[in-house]
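Worksheet: one structure, shown below.
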Amino acid sequence: MKKLLLLIEALNATAASTPDGWENRDVHTIFASDLISDILVSEGDHILLITSLLSDQVLRTADVIGAVAVVLVNRKKIPAMLGKAAAKQGIPLFHTPLPKFESCVRLGRLMETL
Amino acid sequence: MSPALQPTEEMSLRIQELAGNLKIRDVMTRKVFAVTRHCTMRDVQTIMKNNAISGVPVVDDRHVIGLISVHDIMNAYEQEWMADAVADHMTTGVRTLAEEQPLSIAMSAFSKFPYRRFPVVNRNNELTGMVTLRNINMALIQELSRQLDAMETEGGRISPATSSETFIFYRVYRIARYDFEAGGKASAELREQLQARGISPKIIRRAAVACYELEINIIAHSFGGTLTLYVDKDRVRITANDFGPGIPDIEEAMTEGFSTATDWIRSQGFGAGMGLPNTKRLSDEFAIQSGIDMGTMVKAIIHLNPQEKQPDENE
């Protein structure tokens, strides 16, 4: 288990929308996918969702599985409406210029540390 | 009109229900262009052309004695009968419908006989209207829309007559084709409802995912439809009904990885061919029915009681 803040810092990620207290949310599982149906059947709780999909549906899907936060990878910028949608849903949303593989490697190493 | 005429068996129960309270007079066209037996075929052709209609009844003192169709006019052209009186070339023995009859009788008349329109008469056997399939379709769509409005207004409220022991949440969502923006509305509300009841997160997730998959199915693959949530103390029932096009091979649709999604749908992150198999796997009870050009109905039930058997995760 890791605090969300630690993971976000490791990705050099920028916040698009963050509700109060997001830093201290617990992450138990990292899940990375660009297929909504795979995200929907992901297992584990307190998921940090890593994806390069840019549609509204990513946020909806994150909500459906009760994800802790969403990080959009490979993105220096993201559409402003996504940030607004995330704010409305109260889900923390970030984006990082790092590609998906690099992001996963960094997070994987962190999750393995005690 | 034969009194033995009954609604056909093929007519779906839902459509019969919809037609239920409607009578033929509620749907018929009242503005009727009729001619007397002395008018010429050319007169009828002019009436048809000017009013964009394809059938004109012939009356004698308001009683229907025949009908001229476009086919009769074409025949008259060929045979050079255009100057003749309609009485010489009209179709006789025309079937009429009574305005007091239920709409289902008109619907079965259209499926039993090759005619595309029926004159409608009152109790005195006088012509009062015409009914076509278009009239019936419009009336059914209006009735469906009216019923949906009523359900939407009533939905979501806890019925005071039944205690929360037996009835907790009920809502109907109307879902439009390709409206991905609206996808997830029902599942978000279902999640809220279940959270408020203190249901375990695992069960909430199964119910929310099943609901979401069914919402997306209607949006991505159908012409539009409805999704109904019904939650009582024991279970969540999700029913998805759409208006077509229907699934040609259900077994194929239930196969993991099979998908008819377009590139655009795939670009939205959907179309992996897992929607229906996932929904079935997540549900305690699952049923699907589909008819080509009629639509698809999917019912998924998730038990809220943790003592009950859960589906095998590795199934």
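The values are calculated or read from the model by the stated rules, or taken from the named source; none is laboratory data. Quick caveat: nothing in here was measured; it's all calculated off a predicted structure. Cβ atoms come from the backbone with ideal geometry, glycine included; neighbour counts cover every protein chain shown. Note: areas computed on protein heavy atoms with side chains; ligands, DNA, RNA excluded. Shrake-Rupley method; radii C 1.70, N 1.55, O 1.52, S 1.80 Å.
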Which members of region B:102-137 meet the condition of being polar (S, T, N, Q), under 13 Å from B:ILE24 (Cα atoms) and touching a residue at least 12 places away in the same chain (Cβ under 8 Å)? B:SER104, B:SER108, B:ASN122, B:THR128, B:THR132, B:ASN135
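Can you say whether A:ILE50 is within 14 Å of chain B (Cβ to nearest Cβ), part of a strand (DSSP E or B) and not polar (S, T, N, Q), as far as the supplied structure shows? Write out each step before concluding.
Working: within 14 Å of chain B (Cβ to nearest Cβ): yes; part of a strand (DSSP E or B): yes; not polar (S, T, N, Q): yes.
Against the criterion (within 14 Å of chain B (Cβ to nearest Cβ), part of a strand (DSSP E or B) and not polar (S, T, N, Q)), A:ILE50 qualifies.
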With (1) under 26 Å from A:GLU112 (Cβ atoms); (2) within 9 Å of chain B (Cβ to nearest Cβ); (3) assigned to a loop (DSSP other than H, G, I, E, B) as the list, and A:ASP38 as the residue in question, which single condition is left unmet? (3)
Can you report the number of residues in region B:263-295 which are open to solvent by less than 60 Å² (accessible area, probe 1.4 Å) and either more than 23 Å from the chain's Cα centre (by Cα) or within 30 Å of A:LEU54 (Cα to Cα) (or both)? 17
Residues of region A:42-55 being among the acidic types (Asp, Glu) and in contact with a helix residue (DSSP H, G or I) (Cβ under 9 Å, 6 or more places away or on another chain), which ones? A:ASP45
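Kindly indicate which of A:VAL64, A:VAL70, A:VAL58, A:VAL105 is more than 10 Å from every other protein chain (Cβ to nearest Cβ) and either under 14 Å from the mean Cα position of the chain (by Cα) or open to solvent by less than 10 Å² (accessible area, probe 1.4 Å) (or both). Walk me through how you get there before you give the answer.
Values: A:VAL64 fails: more than 10 Å from every other protein chain (Cβ to nearest Cβ); A:VAL58 fails: more than 10 Å from every other protein chain (Cβ to nearest Cβ); A:VAL105 fails: either under 14 Å from the mean Cα position of the chain (by Cα) or open to solvent by less than 10 Å² (accessible area, probe 1.4 Å) (or both).
That would be A:VAL70, the only listed residue that is more than 10 Å from every other protein chain (Cβ to nearest Cβ) and either under 14 Å from the mean Cα position of the chain (by Cα) or open to solvent by less than 10 Å² (accessible area, probe 1.4 Å) (or both).
So which of A:VAL70, A:VAL58 ends up being under 20 Å from B:ARG205 (Cβ atoms) and in contact with a helix residue (DSSP H, G or I) (Cβ under 7 Å, 6 or more places away or on another chain)? Step through it out loud before you land on a result.
Values: A:VAL58 fails: in contact with a helix residue (DSSP H, G or I) (Cβ under 7 Å, 6 or more places away or on another chain).
None of the others qualify; the one that does is A:VAL70.
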Looking at (1) free of Cβ contacts under 8 Å to residues at least 24 places away in the same chain; (2) closer than 27 Å to B:LEU194 by Cα, can you tell me which one A:VAL64 breaks? (1)
Among the candidates B:ARG197, B:ARG157, B:ARG205, residue that is at pLDDT below 85 and either assigned by TED's automatic domain parsing to the domain that holds B:LEU282 or surrounded by fewer than 18 Cβ atoms within 10 Å (Cβ to Cβ) (or both): B:ARG157
B:GLY271 versus (1) at positive phi; (2) not in a loop (DSSP other than H, G, I, E, B): which is the lone unmet condition? (2)
Those residues of region A:1-34 which are open to solvent by 60 Å² or more (accessible area, probe 1.4 Å) and within 14 Å of another protein chain (Cβ to nearest Cβ), in sequence order: A:HIS28
B:MET28 fails exactly one of (1) surrounded by 15 or more Cβ atoms within 10 Å (Cβ to Cβ); (2) in contact with a Leu (Cβ under 8 Å, 6 or more places away or on another chain); (3) not β-branched (Val, Ile, Thr), namely (2)
How many residues are part of a strand (DSSP E or B) and closer than 18 Å to B:GLN101 by Cα when one looks only at region B:16-62? 2
Out of (1) touching a Ser or Thr at 6+ places or on another chain (Cβ under 7 Å); (2) part of a strand (DSSP E or B), the one B:ASN135 does not meet is (2)
